[in-house]
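For reference, the structure discussed in these notes is given below.
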Amino acid sequence: MELLDIKNLQIEFPSRRGTVVAVKGVNLTVRPGEVLGVVGESGAGKSTIGNAVIGLLDPPGEMSGGEVFLKGEKINDLSSEEKRKIRGRRIGMIFQDPLTSLDPLQTIEQQLVETIELHLRLGKKKSQERAVDLLRQVGIDDPEIRIKNYPHQFSGGMRQRVVIALALCAEPEVIIADEPTTALDVSIQAQILELMRKLCREKQVGMLIITHDMGVIADITDRVAVMYQGNLVEEGTTQKILGDPDHPYTKSLISAVPRADVRLRRFPMVDYIEKEEDRKVLLDISTHWLGQGRDFGKIEGPLISVKDLVMTFVTKQAFLKKNRQSFNAVDSVSFDIKQGEVFGIVGESGSGKSTIARLIAGLYKPASGSVFFGETDLTKVGSEREMDVFRKQMQMIFQDPFSSLNGRMRVMDIVAEPIRFHKLASSNREVETIVTDLLEHVGLGRQAAVRFPHEFSGGQRQRISIARALATRPRFLICDEPTSALDVSIQAQILNLLKDLQEELGLTMLFISHDLPVIRQMCDRVGVMKKGKLVEVAETEALFTDPQASYTQELLSLMPKLDFLSHEGLDVEAS
Amino acid sequence: MENTVEKSRMARILDSDIWHSFARSPVAIISSIVTLVIIFGALFAPFIAPNDPFDLVAIDLMDASLPPAWLEEGDSRFFLGTDDQGRGILSTIMYGARISLFVGFASVIFSMIVGISLGLISGYVGGRTDAIIMRIADIQLSFPAILIALLLDGVARGLVPKEMHNDVTIYVLVFAIGISGWVQYARTVRGSTLVEKNKEYVQAARIIGIRPGTILRRHILPNVMGPVMVIATIHLAIAIITEATLSFLGVGVPPTTPSLGTLIRIGNEYLFSGEWWITIFPGAALVILVLAVNLLGDWLRDALNPKLR
């Protein structure tokens, strides 16, 4: 018998601008010991399904149709009191952010024991034993001691293990995991997924795992359901869906997933989402403003050269210098970026890769070491006016498309700001022409100029950021995780755009990412960072086929295995 | 996306969430109507007031201390009665509200300019500058605002030659009330600036090379104005009250150009001789004005911060 049975689920969000149907007639089943993945891009309605099952839909959302059965028992029309009893006891939950799903003011013991006592009606002593046992099962060392700790005393990965223990502690029949590893690094993600898989098998628990990440799907699930704009478009075994998809949306989604085993010339055109974002009108670079004025001073050797760079952050402020505590976010790092190449930096969170980008861009002053732009040491440039010469040649694209644009300015003014500041055009009319040209060149319509940033989607905003970066006619572009906040199909479009621009304009790029497959698609050479140190620098192909440093080998081995993904329609450059 | 025409400014306002929230809040609509009526009455007092309380020719001592028109002995010319010198209460209230509102708005604007600038600098520059500005703010906060206003008022009076007193007192008042209120703005703006300056759009501007002054003005300032507008509305009510208090205490505007506070003080002396209308009506006008502005401020705070609901 099915453990969890969702029939014809329909969820609506009424608002004053009309009712949004978030989930349209979805059927799903989960069997004991099985992991069902629900995959889709943002706005597909996948999280809403999970929330509806546990009866925690965000208002004003409401279930307008369908039924949910737990072991044959209808649970969707229970009173909120009865639903509360099911949550935790019969349906366990794991959410994305391990920081907010634990109470910071209670020890792990209090939280676990309370839940066990409440749901299993065991005595205090038995509950404590069980709590310790659970922590051991999820792989926490010295559980007898660690159980007395507060959530903040655990690292992100350990905290997510505690959340899993908490979800398991009342022996639920079903676990709903909503993006359980999205906030975690790859190495920890692999461990957590393996743990979840093992617990599912051993305890014959059914799991519904909701994610946007094909890697997670490939790693852990038995069956996959693909969601697109509230509809369930395809469902089947993981092998079948990823290896031989039928629905055109699934096909385009899978072709957009970056893989570590092949390097593509371009991603196939993903035209299923946001169709109007193709670059319809391309400028003739040789005659346009953007292509002119590119006769930068000749530079022999590398364009950017970083020497013994150290960046120190103060972790504990104190009046006296000797009482201050600090750590080196970047610890004597040296590398060169040749002219016209794309240099990648890869590393886990906290490895100092973004700090390096900001040091090169001049947002931070290094504690010691130097950044050479050609012959000039940027850390020694005295006046703002002298620095402007280099700023013009060096621009940056940021990670978060929602905070990288000033929401109070029109797109026209955002993109025009660098042109006006550096006086790169003679008249206001010329500035406006250039801005609309740039917007078209990055794949936005001319009308985009008169709008405000909030009227655009994440991918479109990232295009605006790129247009702004191009507006100084730079020769060097820093991309700090430019696609990690975007859906895969949008990511594919943005990566294509960056590749095209790099070729057209002969840009030199520093490309920072935590995502090895993306690095493989984009970069000529790669540096691997760990805890502020550069452990290896190599040609991309060499790094992926023959990694030298043990840390690099570890990172590569932890990548989700995506070999059996469909290769349909790919334009392979190297594999 | 292709065929949407650019919306006009008015259409955008009518479609915005804030307008929607306004249209559905009876409290907001009523209090803004009341506020607008009072402002209108004050602004156009010279044209619509039934009589001119400052025209010595028109004032007749025979009309002194008349009760409101609906009472016995009332005079239809003076709807709310007259004071001891024969000035119509309704007209004096309208003229008095002019002074009150002027002092209120002017001192709020003054506070805003001082507070926002110091808050922006404090938050953006940080370090020692921040520490100094914020410690000054802390010290000032440990005194009641009215005390600071009284103190500044006294000092300013000492510095200005006596014969100029009547001309400048109103500006002294604006200055005193303005200075006593800047801390609120500075603290709020500093907090928001600390958040905004680490956002990527500010970093993008820095990479372009935009200088700090321009970044503060063009990028950060528009993004910190939301909470400032809420404080400003509530502060307007406080400023009007402070002005009334100072005038009531006799250190505010001179009796020749009475504000609401002055009117209440003058009437206060006649309260126990049975001529209650001289003080009650200006007092009621003050209460209604302040209440309406406060309710408007409350609504604005809720509308801009949906999480509070």
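Read the figures in this text as sums done on the coordinates, not as results from a lab. Owing to the predicted nature of the structure, the values given are computational and were not obtained by experimental measurement. When we count neighbours, we look across all protein chains shown, and the Cβ atoms used for this are built from the backbone with ideal geometry, even at glycine.
For this structure, a couple of remarks:
- For A:K423, a cut-off of 18 angstrom between C-alpha atoms picks up these lysines, skipping any fewer than 8 places away in its own chain: A:K392.
- Cubic angstrom per residue, convex hull over Cα atoms of the protein assembly as shown: 238 Å³
- Divide the volume of the convex hull around the Cα atoms of the stretch A:4-255 by the residue count and you get 131 Å³ per residue.
- Mean separation of Cα contacts under 8 Å, 6 or more apart, over the residue count of chain A: relative contact order %: 16 percent
- Under 25 Å from the Cα of A:K85 - lysines, other chains or at least 8 residues apart: A:K7, A:K46, A:K71, A:K74, A:K124, A:K125, A:K126, A:K203
- Taking the stretch B:194-234 and a reference point 7 angstrom along Cα→Cβ of B:F22, the backbone N atoms nearer than 17 Å belong to B:226-234.
- Of the GluC sites (Glu not before Pro) found in the stretch A:292-359, those in coil by DSSP whose Cβ has at most 16 other Cβ atoms within 10 Å are A:E300.
- Taking amide hydrogens as placed 1.01 Å from N in the peptide plane, the amide H of A:E234 sits under 5 Å from those of A:V226, each at least 5 positions away in sequence or on another chain.
- Helix B:277-304 and the longest principal axis of the C-alpha atoms of chain B enclose an angle of approximately 20°.
- Model label sites at A:K71 and B:V37, defined 7 Å from Cα along the beta-carbon direction, differ in position by 6.6 nm.
- The separation of the stretch B:206-243 from the stretch B:43-77, counted between C-alpha centres, amounts to 43 Å.
- The stretch A:120-196 versus the stretch A:535-575: alpha-carbon centroid distance in Å: 32 Å
- For the protein assembly as shown, share of DSSP beta bridges that run antiparallel, in % to the nearest 5: 55 percent
- Scanning chain B for GluC sites (Glu not before Pro) in DSSP loops with at most 12 neighbouring Cβ atoms within 10 Å leaves B:74-268 as the longest stretch between them.
- With the simple model of a label 7 Å out from the Cα in the direction of the Cβ, A:T107 to A:D284 spans 7.6 nm.
- Its DSSP H runs of at least 4 residues, each contributing -39,500 (n - 2.57), put the calculated 222 nm mean residue ellipticity of chain A at -10000 deg cm²/dmol, to the nearest 500.
- C-alpha long axis of helix B:221-249 to longest principal axis of chain B, angle in °: 20 degrees
- Using θ = phi - 60° in the Karplus curve 6.51 cos²θ - 1.76 cosθ + 1.60, the 3J(HN,Hα) couplings for the stretch A:468-485 round to 5, 5, 6, 5, 9, 6, x, 10, 10, 10, 9, 10, 9, 6, x, 10, 6, 9 Hz; x is entered for Gly and Pro.
- Stretchable slack from B:W70 to B:F143, in nm (0.36 nm times residue separation minus alpha-carbon distance): 21.7 nm
- Part-to-part distance (alpha-carbon centres) for the stretch A:1-18 and the stretch A:332-359, which is given in Å: 45 Å
- Here the simple spin-label model places points 7 Å from the Cα toward Cβ, and for B:R218 and B:D15 these points are separated by 2.7 nm.
- Selected from B:M225, B:M164, B:M112 as most flexible by GNM, with chain B as the system and alpha-carbon contacts under 10 Å: B:M164
- FRET efficiency, 1/(1 + (r/R0)^6) with R0 45 Å, evaluated for B:D167 and B:E269 via beta carbons: 0.95
- Reach of A:K531 by Cα under 21 Å, taken over lysines that are not fewer than 8 positions away in the same chain: A:K307, A:K316, A:K353, A:K365
- This ranking places A:T29, B:T257, A:T211 by how few other beta-carbon atoms lie within 10 Å of each, fewest first, which gives B:T257, A:T29, A:T211.
- Counting every other Cβ atom within 10 Å of each residue's Cβ, A:C523, A:C479 order from fewest to most as A:C523, A:C479.
- Listed by Cβ neighbour count within 10 Å, with the fewest neighbours leading, B:R157, A:R475 appear as B:R157, A:R475.
- Residue-averaged [θ]222 nm for chain B, counting only DSSP H segments that reach four residues, each worth -39500 (n - 2.57): -23000 deg cm²/dmol
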